[in-house]
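Values in this text are rule-based calculations from the coordinates and carry no lab data. Worth saying up front: this structure is predicted, and the values here are computed from it rather than measured. Every residue, glycine as well, gets a Cβ built from its backbone with ideal geometry; the counts of neighbours run over all protein chains shown.
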Amino acid sequence: MTEQTVAPIPAHVPAELVRYYPLSERKTIYENPFDTLVADVHNTWPEIAYGSNVYPGNVGAWVLRRAEDLKAVYMDEEHFTKKGFSGFAALLGESWSLIPTELEPPRHGAFRQVLNPLFAPRRMAELTVKVRDRARELAARFKGRTECDFAAEFAVPFPAIIFLELFGLPQAEMDHFLAWEHKLLHVADQTVRADATREVKHFLQDVIKERRKNLGTDLISNAIQITIDGEPITDDEILGHCFNLYVGGLDTVASNLGLHFHHLATHPEHQQQLRDNPALIPAAMEEMLRAYSAVTTFRICTKQTEIHGVSILPGDKVAMTTPLAGRDPTQYKNPNEVRFDRGATHVTFGYGSHRCLGANLARRELLIALEEVLAVLPPFRLAPGAVVPFRAGGVIHVESLPLVWG
Ligand code: HEM
C-alpha cells in the first residue's frame, strides 16, 4: 500500500494535521522502528495528528503520542467506544464482538468480573512450573550450538505452546495457529485477513462444539461455562471470547520476546548486568516493556469532543499508540535510553477498564523466558552482518533474530 491508496480524509480534519504514519505500514523494514520512526514522530509531529493510513485497510485515525493523552482516552467511555474496533466480524459481514474487548459497559464490566480471577496473579503463578518446563525444553535445543534464529525457534513457538496447553489443544495445531495469526495481524490485504478470520472462526466453533460434550479445565471449557447475571453466555459470545484470547495472547508475547532479546543482543552491557544479577530481571523486563511497547489498538468516537483543541467527531478512530507513549519525552527522561533502574510505569498493557486481561500471564512468560534463556545461552549477539527485519503495524515485531554465541 502506498500514500496514494489511502481513504479520503474527512472534511473536518485540518489539512496541516494530516501525516502518513510509517508505523502502520505492515511491511518489513530494516531499521529498529523504536529508534528511528518512533523518535522521528516525537521530534517532528504535533501533539495530535491525523494518520492517513493508520487503521487497517489504509483508513485514517487520530494519532496521539503523549502517554497522558492515551490515558485520558482509555478512561473516557463517554466519548469513545471499542465496539467494532477490530473489524474482524465486519470482514465477514457479521456482527459478533471480540469479548471482552469490544463490549461496552455494563456488559464489559460484568465479563471482566468473571474473567479477572481466571487470569489473576495467583492463578498465573500456578502455571509457573508448566511455563518454565516449556521454556527449558525450547532453550535446551540451543545447547551444543553456536547460532539460532531466536524469533523462529523461541519467541514465536513459546507463547503458542503455552496457549495451546491453556486451550487444551494438541501441539500439532501450532502451524495452523501461527499461519492464521500472521494473516490476521500482519498482512495488509483485507481479503487475506477475511479468509483467515473465517478459518479461525470455523476452527474455534468446531472445537467449542466438541468441548461441550467433554468439558475440561481449559480456557475453552471455561468460556462455555461462563454465566453473567445467572444466564449462560451466547454461542457468539463464547466464540468472541475465544477469538479475543487468540488474537490477544499469542502475537503480543512473541513480539515482546523478539524485541527484548534483540535489545539484549545489541546491548551486551545490559545482558551482562542480568547475568551478574538475575534478581534484576523483573525490573529489566518492565523497562523493556516500556521501551518496546508493541501494541496499537483503537477507540471509535461516539460523541463529539476535543483533544488539544482539535474536534474529534463521532465515527472518527483514535489509535491507542502505546509504542509512542512508551517513548514519550514528557513522561520519561531520555525515553530512548533503556535503564533497568528506571522503575517507571507504562501503558504497554493499556489502562482503565480494558487494561490487558492477560498481563499477568504475559509477564510470567516473559520473565521465565529471560531467566531460562540467559541460564542456557552464553553471551549472545547478532550474527555478524545480520540486518534484522522488523515489521511495524498493529503489533511491532522482529521477523527473524539471528543470534550467535561462543
Ligand atoms: C506482552 C504481551 C501483551 C501485551 C503488550 C498486551 C497488550 C494489551 C493492550 C495494550 C490491551 C488494551 C487494549 C485497549 O484497551 O484498547 C490489551 C487488552 C487485552 N489483552 Fe493483552 N497484551 C499482552 C498479552 C496478552 C495475553 C497473553 C492475553 C491472553 C490471555 C491477552 C489478552 C487480552 C485481552 C482479552 C484484552 C482485552 C481486555 C478488555 O478489553 O477488557 N493479552 N492487551
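At a glance:
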| quantity | calculated |
| --- | --- |
| Residue ID - farthest from PRO329 (Cα to Cα), chosen from residues in the range 66-89 that are in a helix (DSSP H, G or I) and among the aromatic types (Phe, Trp, Tyr) | PHE88 |
| Close pairs from the range 31-51: first more than 12 Å from PRO323 (Cβ to Cβ), partner acidic (Asp, Glu), Cβ under 9 Å, at least 6 apart | PRO46/GLU16; GLU47/ASP69; ILE48/ASP69; TYR50/ASP316 |
| Elements of type strands (runs of 3 or more DSSP E) contained in the range 226-321, each with 3 or more residues being under 17 Å from the mean Cα position of the chain (by Cα) | 296-301, 317-321 |
| Some residue of the range 307-324 being of a type in the set (Val, Ile, Thr), within 18 Å of MET75 (Cα to Cα) and away from the ligand (no atom under 16 Å from the Cβ) | yes |
| Positions within the range 344-365 being touching a helix residue (DSSP H, G or I) at 6+ places or on another chain (Cβ under 6 Å), more than 7 Å from the ligand (Cβ to nearest atom) and hydroxyl-bearing (Ser, Thr, Tyr), in sequence order | TYR351 |
| Near pairs, Cβ below 8 angstrom, 6+ apart or cross-chain, from the range 339-365 (on the phi < 0 side of the Ramachandran plot and charged (D, E, K, R)) to any residue that is within 6 Å of the ligand (Cβ to nearest atom) and part of a loop (DSSP other than H, G, I, E, B) | ARG355/PHE349 |
| Failed criterion for CYS301 (all others in (1) farther than 30 Å from PRO106 by Cα; (2) hydrophobic (A, V, I, L, M, F, W, C); (3) in contact (Cβ under 8 Å) with a residue 40 or more places away in the chain; (4) more than 11 Å from the ligand (Cβ to nearest atom) hold) | (1) |
| Flag if LEU91 is closer than 15 Å to ALA194 by Cα, crowded, with 18+ Cβ neighbours inside 10 Å, hydrophobic (A, V, I, L, M, F, W, C) and in contact with a Lys or Arg (Cβ under 8 Å, 6 or more places away or on another chain) | yes |
| Residue ID - surrounded by the most Cβ atoms within 10 Å (Cβ to Cβ), chosen from residues in the range 183-193 that are in contact (Cβ under 8 Å) with a residue 40 or more places away in the chain and farther than 17 Å from ASN244 by Cβ | HIS186 |
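For every residue, the table says whether it meets (1) closer than 30 Å to ASN32 by Cβ; (2) surrounded by fewer than 19 Cβ atoms within 10 Å (Cβ to Cβ).
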| residue | (1), (2) |
| --- | --- |
| ASP195 | no, yes |
| ARG198 | no, yes |
| GLU210 | no, yes |
| ALA223 | no, no |
| LEU250 | yes, no |
| GLY258 | yes, no |
